[in-house]
Amino acid sequence: EAGVTQFPSHSVIEKGQTVTLRCDPISGHDNLYWYRRVMGKEIKFLLHFVKESKQDESGMPNNRFLAERTGGTYSTLKVQPAELEDSGVYFCASSQPGGWDSPYEQYFGPGTRLTVT
Amino acid sequence: QKEVEQNSGPLSVPEGAIASLNCTYSDRGSQSFFWYRQYSGKSPELIMSIYSNGDKEDGRFTAQLNKASQYVSLLIRDSQPSDSATYLCAVNLAGGTSYGKLTFGQGTILTVHP
């Protein structure tokens, strides 16, 4: 069974440019999550999709970040315009169908390292 | 106070010893607890999950949970050099719209020396 995949693995862009990150979850996983780790800090939650719906986007830092999951399969995270503080590693994770009373284990992808110069 | 705190490392143990990793959390409503292992430059890899008070064993790994003390730990028996990695404690709440959100600790670096 294929794991969570992310593309690209690395991205270097200039401040003000746009970048789109892609995540393909494990097949059959309705839940998809985005996290971010900036240098020297712990991994932080960004948002949670259940199928194509945003269940929780409380961790999104500002409106420069836009996440989508059309069709409930892969997801994209767009940063527009990128700022220096957006640099970090963006992880995607997925988990099996579950609910508030039965949280499932989350499996992480390899991450996209974003560098904004 | 951080929501999830791990014992500060780095932790160094000899091969064959028991490595003990600790984690405390601040929210009493937390219901699910996870340990991830992360090698340098790689993704977090889930190694243990625990939901109920007590011990849960899986091979050389034992997770221990004490909700009254808001404490979760991971023991690694017969430590091997390949266990050298950063260990991340993650906690999530049940209920509400944020039921899927994992809150991570800062990680503890473990080094197992031959």
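Can you pull the three principal axis extents for the Cα set of region A:1-61, in Å, largest first?
Largest to smallest, the principal-axis extents are 36, 26, 23 Å.
At a 1.4 Å probe, what is the % contribution of carbon and sulfur to the accessible area of chain A? Display every interim value, and only then the final one.
Values: 2870 of 5830 Å².
Ligands and nucleic acids excluded, carbon and sulfur give 49 percent.
Leaving ligands, DNA and RNA out of it, work out the accessible area of A:THR76 with a 1.4 Å probe and give it in Å² to the nearest 10.
30 Å²
Which of A:LYS41/B:LYS56; A:LYS44/B:LYS42; A:LYS54/A:LYS78; A:LYS15/A:LYS54; A:LYS44/B:LYS101 have a Cα-Cα distance over 19 Å?
Numbers: A:LYS41/B:LYS56 29 Å; A:LYS44/B:LYS42 16 Å; A:LYS54/A:LYS78 15 Å; A:LYS15/A:LYS54 28 Å; A:LYS44/B:LYS101 9 Å.
Pairs exceeding 19 Å: A:LYS41/B:LYS56; A:LYS15/A:LYS54.
Find the percent of Cα-Cα distances in chain A that exceed 26 Å, and round it to a whole number.
Values: 957 of 6786 pairs.
Tail of the P(r) past 26 Å holds 14 percent of the pairs.
Given 5 Å bins starting at zero, what is the percent of C-alpha pairs of chain B in each, up to the one with the largest pair distance?
The percentages, shortest bin first, are 2, 12, 23, 25, 20, 10, 5, 2, 1, 0.
Fully extended, how many nm does the chain gain between A:GLU68 and A:GLU105 (0.36 nm per residue separation, minus their Cα-Cα distance)?
Roughly 11.1 nm would be gained on extension.
Which of the listed residues, B:SER84, B:SER69, B:GLY9, is farthest toward the dipole's positive end in chain B, when Lys, Arg count +1 and Asp, Glu count -1 at the beta-carbon?
With unit charges placed on the Cβ atoms, the residue in question is B:SER69.
Within a Cβ distance under 10 Å of A:PRO81, other residues only, what is the Lys/Arg minus Asp/Glu net charge?
-1
Enumerate the calculated ³J(HN,Hα) couplings along region A:51-68 in order (Karplus 6.51 cos²θ - 1.76 cosθ + 1.60, θ = phi - 60°), each rounded to whole Hz, writing x wherever the residue is Gly or Pro.
Couplings: 6, 9, 9, 7, 7, 7, 10, 5, x, 5, x, 5, 7, 7, 9, 10, 10, 9 Hz.
Quick one: net charge around A:LEU66, please, counting Lys, Arg +1 and Asp, Glu -1 for every other residue with C-beta under 15 Å from its C-beta.
Numbers: positive: A:ARG22, A:ARG36, A:LYS54, A:ARG64, A:ARG69, A:LYS78; negative: A:GLU52, A:GLU57, A:GLU68, A:GLU83, A:ASP86.
Cβ neighbours under 15 Å give a net charge of +1.
Output ³J(HN,Hα) for region B:42-51: one whole-Hz value per residue in order, computed from phi by the Karplus curve 6.51 cos²θ - 1.76 cosθ + 1.60 with θ = phi - 60°, and x for Gly and Pro.
Taking θ as phi minus 60°, the curve returns 10, 7, x, 10, 5, 10, 8, 10, 8, 10 Hz for region B:42-51.
Quote the accessible area belonging to A:PHE7 in square angstrom, nearest 10, computed with a 1.4 Å probe and with ligands, DNA and RNA left uncounted.
150 Å²
Give me the distance in nm between label points sitting 7 Å out from Cα along the Cα-to-Cβ direction at B:ARG28 and A:LYS15, one decimal.
Computed distance between label sites B:ARG28 and A:LYS15 equals 4.6 nm.
Out of residues 5 or more away from B:ARG60 or on other chains, whose amide H comes under 5 Å of its own, with H placed 1.01 Å from N in the peptide plane?
Result for B:ARG60 returns nothing.
Using a 10 Å cut-off on Cβ to Cβ distances, tally the other chain neighbours for every residue of B:25-34 and report the average as a whole number.
Average neighbour count from other chains, rounded to a whole number: 1.
How would B:LEU11, A:LEU46 rank on accessible area, largest to smallest, probe 1.4 Å?
The residues order as B:LEU11, A:LEU46, largest area first.
Could you grab the relative contact order for chain A? Cα pairs under 8 Å, six or more apart, rounded to a whole percent.
After rounding, I find 36 percent.
Length gain on complete extension for the stretch B:LYS56 to B:SER40, per 0.36 nm per residue less the alpha carbon to alpha carbon distance?
Between B:LYS56 and B:SER40, full extension yields an extra 3.1 nm.
In debye, nearest 20: dipole of chain A around its Cα centre with unit charges on the Cβ of K, R (+) and D, E (-)?
Value, rounded to 20: 320 debye.
Solvent-accessible area of B:LEU75, probe 1.4 Å, all protein chains present, reported in Å² to the nearest ten, please.
For B:LEU75, the solvent-accessible surface is approximately 40 Å².
Between A:ARG113 and B:ALA68, with labels modelled 7 Å along Cα→Cβ, what's the label distance in nm to one decimal, could you check?
The two pseudo-label positions are separated by 4.7 nm.
Just to make sure I understand: if all protein chains stay in place, what is the order of A:ARG22, A:ARG37, B:ARG37 by accessible area at 1.4 Å, largest first?
A:ARG22, A:ARG37, B:ARG37
Suppose accessible area is computed on protein heavy atoms with a 1.4 Å probe; arrange B:ASP55, B:ASP78 from highest to lowest. Show your work: numbers first, answer last.
On the way: B:ASP55 110, B:ASP78 80 Å².
Of B:ASP55, B:ASP78, the descending order of accessible area is B:ASP55, B:ASP78.
Could you run the numbers on buried accessible area between A and B, total for both chains, 1.4 angstrom probe, in Å² to the nearest 100? Each step should come with its number before you reach the end.
Working: alone 6810 and 6090 Å², together 10950 Å².
When A and B are taken together, about 1900 Å² of accessible area is lost.
Counting Lys +1, Arg +1, Asp -1, Glu -1, what net charge surrounds B:GLN70 among other residues with beta carbon under 9 Å of its beta carbon?
For residues surrounding B:GLN70, the net value is +1.
The values are calculated or read from the model by the stated rules, or taken from the named source; none is laboratory data. No experiment lies behind these values; they were computed from the predicted model shown. Note: ideal-geometry Cβ built from the backbone for every residue, glycine included; neighbour counts use all protein chains shown. Heads up: the accessible areas ignore ligands, DNA and RNA and are worked out on the full protein's heavy atoms, side chains in. Shrake-Rupley method; radii C 1.70, N 1.55, O 1.52, S 1.80 Å.
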